[in-house]
Amino acid sequence: MKRKLLVTGSSGLIGSEVVTHFHALGWQVHGIDNNQRSVFFGPAGDTRWNQQRLIETLPNFVHHELDIRDRDGVLRLVDTVRPDAIVHTAAQPSHDRAAAIPFDDFDTNAVGTLNFLEAVRRSCKDSPFVHMSTNKVYGDAPNELPMVELPTRWDYSDPAYRDGIRETFRIDASKHSLFGASKVAGDIMVQEYGRYFGMPTCCLRGGCLTGPGHSGVELHGFLSYLVKCNLEGRRYTVFGYKGKQVRDNIHAHDVACFIENFIAAPRSGEIYNLGGGRANSCSILEAFALAERHSSKPMEWTYDETNREGDHICYISDLSKAKEHYPKWGITKSLDDIFSEIVAGWQTR
């Protein structure tokens, strides 16, 4: 009998990659998605195209139209499917949008996560539970680190942070945005269900998650939206920090591979910073140059001196803990690979 995987947010970037990855490994995959991204971000955020692609190409994939805020619906579905593992990627993912819809944001990111944790505890307590958290749980505390301004980016001046931010970095006494705060609530709850109830759970505090399956919009989906603007000749707006703010970028495939490793050898109540690391880091200015190189089109952009609330000046994930616990895992998709695939993805779409 095939092992069963339950994936929330299955039509999104990470969710769809996890669905495809585990389907190829021989799992029966159940996906939960109700295209809430289109509600949050309008038509540009629509993910039905991805849902349809999964349904048409993966014979052992089952789509469930369900809102993760529907507690009774979640309890019933998990009890019916009784999955061997759960990957929770569904979320309201935008800083700016959260401030306009605080109840929807918290109900999705915090309460929705609790709904699934409790459903799993009641019906399949020993099934590994992987939660896609975010580096925004650290708030803007990383901005307090000493920085050096280089020609095209900001960087840490303290050699202790050469490899990036570790999991021991503080998460309180900083500005998170309402999105960051709701994700903190979900993150801590996932840890607590692991530690208090002894469940195999982990939080993956993602850097810039990216890839060709992203429906990038201005409020969420940094590289995807940037490349889309470049290809369409649309003007991209840079918000603050001279365009030198840095993100480390990880391809959805490498996220799915880490999840595979965790499910094969789960731990309880763990947290991992999961981004592209220094090798896959770039500033917005550097991303412009990469986009132009891969598309052969000039980047049109404008500058707004006001940075986004709680935005990171420089964020690079220290991957040492993830690699120590799962030494077979590592980054396989370079920054050039990522740009090449995103450009090709938008051109195909």
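Here is how the numbers come out for the structure above:
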read-out	value
Breaking point among (1) closer than 25 Å to residue 18 by Cβ; (2) in a helix (DSSP H, G or I); (3) modelled with pLDDT of 95 or more, for residue 288	(1)
Test: residue 256 is part of a helix (DSSP H, G or I), modelled with pLDDT of 95 or more and closer than 30 Å to residue 146 by Cβ	no
Cβ-Cβ under 6 Å pairs, at least 6 apart or on other chains, segment 222-243 side closer than 21 Å to residue 206 by Cα and touching a residue at least 40 places away in the same chain (Cβ under 8 Å), far side polar (S, T, N, Q) and in a loop (DSSP other than H, G, I, E, B)	none
Filtered residues of segment 298-345 (kept if over 21 Å from the mean Cα position of the chain (by Cα), surrounded by 15 or more Cβ atoms within 10 Å (Cβ to Cβ), modelled with pLDDT of 95 or more and part of a loop (DSSP other than H, G, I, E, B))	299
Matching residues in segment 292-349 - criterion: being farther than 24 Å from residue 44 by Cα, touching a helix residue (DSSP H, G or I) at 6+ places or on another chain (Cβ under 9 Å) and of a type in the set (Gly, Ala, Ser)	310, 317, 322, 330, 334
Among (1) surrounded by fewer than 22 Cβ atoms within 10 Å (Cβ to Cβ); (2) at negative phi; (3) in contact (Cβ under 8 Å) with a residue 24 or more places away in the chain - the single one residue 198 does not satisfy	(2)
Top-ranked residue in segment 1-46 [being of a type in the set (Phe, Trp, Tyr) and under 11 Å from residue 61 (Cα atoms); ranked as surrounded by the fewest Cβ atoms within 10 Å (Cβ to Cβ)]	27
Residue among 10, 38 that alone is in contact with a Lys or Arg (Cβ under 8 Å, 6 or more places away or on another chain), of a type in the set (S, T, N, Q) and on the phi < 0 side of the Ramachandran plot	38
Count of residues meeting criterion [in a helix (DSSP H, G or I) and of a type outside the set (Lys, Arg)] in segment 19-71	22
Sole exception among (1) polar (S, T, N, Q); (2) under 16 Å from residue 208 (Cα atoms); (3) part of a loop (DSSP other than H, G, I, E, B) for residue 268, by number	(2)
Any hit, segment 276-292, residues being in contact (Cβ under 8 Å) with a residue 40 or more places away in the chain, β-branched (Val, Ile, Thr) and over 22 Å from residue 145 (Cα atoms)	no
Looking only at segment 59-77, and only at residues there that are hydrophobic (A, V, I, L, M, F, W, C) and within 23 Å of the chain's Cα centre (by Cα), the one that is surrounded by the most Cβ atoms within 10 Å (Cβ to Cβ)	68
Any chance residue 348 is over 20 Å from the mean Cα position of the chain (by Cα), surrounded by fewer than 18 Cβ atoms within 10 Å (Cβ to Cβ) and closer than 13 Å to residue 229 by Cα	no
Residue count, segment 213-231 (criterion: in a loop (DSSP other than H, G, I, E, B), buried (at least 22 other Cβ atoms within 10 Å of the Cβ) and not small (Gly, Ala, Ser))	1
Of all residues in segment 78-88 being outside any loop (DSSP other than H, G, I, E, B) and over 24 Å from the mean Cα position of the chain (by Cα), the one that is surrounded by the fewest Cβ atoms within 10 Å (Cβ to Cβ)	80
In segment 174-194, the residues that are surrounded by fewer than 20 Cβ atoms within 10 Å (Cβ to Cβ) and outside any helix (DSSP H, G or I)	174, 175
Filtered residue count, segment 104-160, keeping only those that are among the aromatic types (Phe, Trp, Tyr), under 19 Å from residue 309 (Cα atoms) and either under 21 Å from the mean Cα position of the chain (by Cα) or crowded, with 22+ Cβ neighbours inside 10 Å (or both)	2
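Residues checked against (1) without any contact (Cβ under 8 Å) to a residue 24 or more places away in the chain; (2) under 25 Å from residue 193 (Cβ atoms); (3) not acidic (Asp, Glu):
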residue: 17; (1), (2), (3): no, yes, no
residue: 29; (1), (2), (3): no, yes, yes
residue: 60; (1), (2), (3): no, no, yes
residue: 96; (1), (2), (3): no, no, no
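The values are calculated or read from the model by the stated rules, or taken from the named source; none is laboratory data. Model, not experiment: these values are computed from the prediction. As a convention, Cβ positions derive from the backbone with ideal geometry for all residues, glycine included, and neighbour counts pool all protein chains shown.
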